[in-house]
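The values are calculated or read from the model by the stated rules, or taken from the named source; none is laboratory data. These figures come from a predicted structure and were not determined experimentally. Note that we place each Cβ from the backbone using ideal geometry, even for glycine, and neighbour counts take in every protein chain shown. SASA here: full protein model, heavy atoms, side chains in, ligands and nucleic acids out. Shrake-Rupley method; radii C 1.70, N 1.55, O 1.52, S 1.80 Å.
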Amino acid sequence: LIEEIARIHGYHRLPEDHAPSWSLPARSRDRDQKMRRITQAMVSFGFIEHIGLPLCDPAKLDIILPGTPRVALANPMSSELSCLRPGLMPDLLEALVYNCCNGNEDVRLFEIGKVFHPNPGQPHLERLMMGAVAIGQAHPVSWEGKSRPYDYYDLKGVVEYLMNWLGL
């Protein structure tokens, strides 16, 4: 509507300076700031952020998380996306396999996202969680020394650092 008024009035008659003379500072919640700092810490450890869909395939869940209660959608887009994810691992593992099958042998992924759990008689429960997966070499091969495979203790060190940093 404003564009039509400007066209009828004439663009040549509009002032050239459209910048506001004041601005409001951006608001950010503590949770958003913590998530941003966690993301920065994980990236500094060499992880790449994975952003998965909250929808998942029940057949894949039966393989990865058998017997896990899930929230089914009333009107799903397809049978492969017919429930809300109860955890982050199925999506992260699928992304890990995809990368490995396409020649990327050193993969470190993490995701911060919502997971959903059924709550009979009430709205389902939503929780914000973080998951991480890693495979391949811990350090690239260089003149400084031999590389070694990424192992449990590497991931444990990352988790311990984050727990201490968050005061948990």
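For Val71, the residues 5 or more places off, or on other chains, whose built amide H falls under 5 Å of its own are Leu84.
Computed from the C-beta positions of Val159 and Ala72 and an R0 of 45 Å, the FRET efficiency is 0.90 to the nearest 0.05. Comparing Asp17, Asp154, Asp57, which has the greatest mean-square fluctuation in the GNM of the chain with Cα pairs linked when under 10 Å apart? Looking only at Asp17, Asp154, Asp57, the largest GNM fluctuation is found for Asp17. Around the Cα centre of the chain, unit charges on the Cβ atoms of Lys, Arg, Asp and Glu (plus for the first two, minus for the last two) sum to a dipole of about 460 debye. Near the amide H of Gly87, within less than 5 Å, lie the amide hydrogens of Phe116, all on another chain or at least 5 residues away, with H placed in the peptide plane. Full extension of the chain segment joining Glu105 with Asp32 gains 23.1 nm, where the gain is 0.36 nm per residue of separation less the Cα-Cα distance. In straight-distance terms, cross-link reach from Lys60 covers every one of the lysines whose alpha-carbon lies under 29 Å from its own, apart from those fewer than eight places away in the same chain; here that gives Lys114, Lys156. A straight chain from Ile51 to Leu166 at 0.36 nm per residue would run longer than the Cα-Cα distance by 39.2 nm. The solvent-accessible area of Ser44, taken with every protein chain present and a 1.4 Å probe, is close to 90 Å². Select one label from (1) 1.01; (2) 1.16; (3) 1.05: the one whose number is Rg/Rh (Cα atoms, Kirkwood Rh) as derived from the coordinates shown. Step by step, Rg/Rh (Cα atoms, Kirkwood Rh) for this structure corresponds to label (2).
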